[in-house]
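What follows is a short report on a single structure.
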Amino acid sequence: MSFEFVAGNLALDFVATVAERRTTAVERIPTPSDLAQWLADAGLVDAPPAVDADGYARAIALRELIWTLLTTDDSRPLPADAVEALNAGAAGPAPTAALSPDRSVATTADLDACLTAIARAAVDVFRPANRVRLTWCEGTDCTRAFLDASRAHNRRWCGMAGCGDRAKAAAYRARRRATPA
């Protein structure tokens with residue numbers, strides 16, 4: 001399976017491993033081995049770490065915790081128990097990068113260190129500079145959040161290769177139908 005990393009934040013990309021949450025809820029990492037591959041593809045480690053059923057369950061729990069925090073109405077405080085759990089997850093060990101004499105860099109970590117990095121990225125989303133850039137895709141069924149780094153701060157879709165292309169194609173078809181022959 002190929003994964004997309006278009007959110008500008010590791011935790012937001014991790015949450016997006018469930019696509020279309022409000023409709024089809026497509027699970028993009030259905031197995032521990034898919035999770036291990038996602039962690040490597042995300043650049044957290046050079047090779048997929050070992051992931052057992054318990055570790056997989058902890059990762060999914062973290063993902064859903066982050067989703068809960070992201071979708072909490074801005075007019076309400078974040079749930080204290082969720083904040084405490086995220087902060088505890090962010091306090092663990094991080095992946096380790098090591099430089100070799102040949103100038104190569106190897107990054108290694110176990111699952112716990114990878115989950116710590118994701119939790120830290122989630123905390124980072126709530127920094128004021130990122131919070132103002134946090135945007136939700138305007139795609140019809142998309143439930144992906146991303147950090148809008150565009151110059152004009154007017155990015156509308158999570159990615160042009162998916163939601164953006166579909167929206168532009170739909171707008172084109174609508175214009176064609178509205179034009180008299």
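The values are calculated or read from the model by the stated rules, or taken from the named source; none is laboratory data. All values reported here derive from a predicted model rather than from experimental measurement. All Cβ positions, even for glycine, are placed from backbone atoms using ideal geometry, and neighbour counts span all protein chains on display. Ligands, DNA and RNA are stripped out before the accessible areas are found, and what is left, the full protein with its side chains, is counted by its heavy atoms. Shrake-Rupley method; radii C 1.70, N 1.55, O 1.52, S 1.80 Å.
What the table shows:
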{"quantity": "Helix axis angle, 165-178 relative to the chain longest principal axis, alpha carbon, degrees", "calculated": "10 degrees"}
{"quantity": "Residue 4 accessible area, assembled protein chains, probe 1.4 Å, Å²", "calculated": "100 Å²"}
{"quantity": "Length added when fully stretched, residue 156-residue 5, from 0.36 nm per residue minus Cα-Cα", "calculated": "52.7 nm"}
{"quantity": "³J(HN,Hα), Karplus 6.51/-1.76/1.60, whole Hz, each residue of the stretch 46-52, x for Gly, Pro", "calculated": "7, 10, x, x, 5, 9, 9"}
{"quantity": "Nearest-0.05 FRET efficiency for residue 28 and residue 129, computed from C-beta distance (R0 30 Å)", "calculated": "0.60"}
{"quantity": "The stretch 53-146 - Rg and Dmax from Cα coordinates, angstrom", "calculated": "15.9, 53"}
{"quantity": "In degrees, nearest ten, helix 80-90 long axis to first principal axis of the chain (Cα)", "calculated": "60 degrees"}
{"quantity": "Probe 1.4 Å, all protein chains present, accessible-area order of 17, 24, largest first", "calculated": "24, 17"}
{"quantity": "For the stretch 1-123: span of alpha carbons on each principal axis (Å, largest first)", "calculated": "52, 30, 28"}
{"quantity": "Highest-fluctuation residue, 26, 123, 51 considered, GNM on the chain with Cα pairs under 10 Å", "calculated": "26"}
{"quantity": "Rounded percent of accessible protein surface that carbon and sulfur make up, the chain, 1.4 Å probe", "calculated": "54 percent"}
{"quantity": "Solvent exposure, largest accessible area first (probe 1.4 Å, DNA, RNA and ligands not counted), of 38, 136, 67", "calculated": "136, 67, 38"}
{"quantity": "Å² per residue, accessible surface of the chain at 1.4 Å", "calculated": "57 Å²"}
{"quantity": "In degrees, nearest ten, helix 53-70 long axis to first principal axis of the chain (Cα)", "calculated": "50 degrees"}
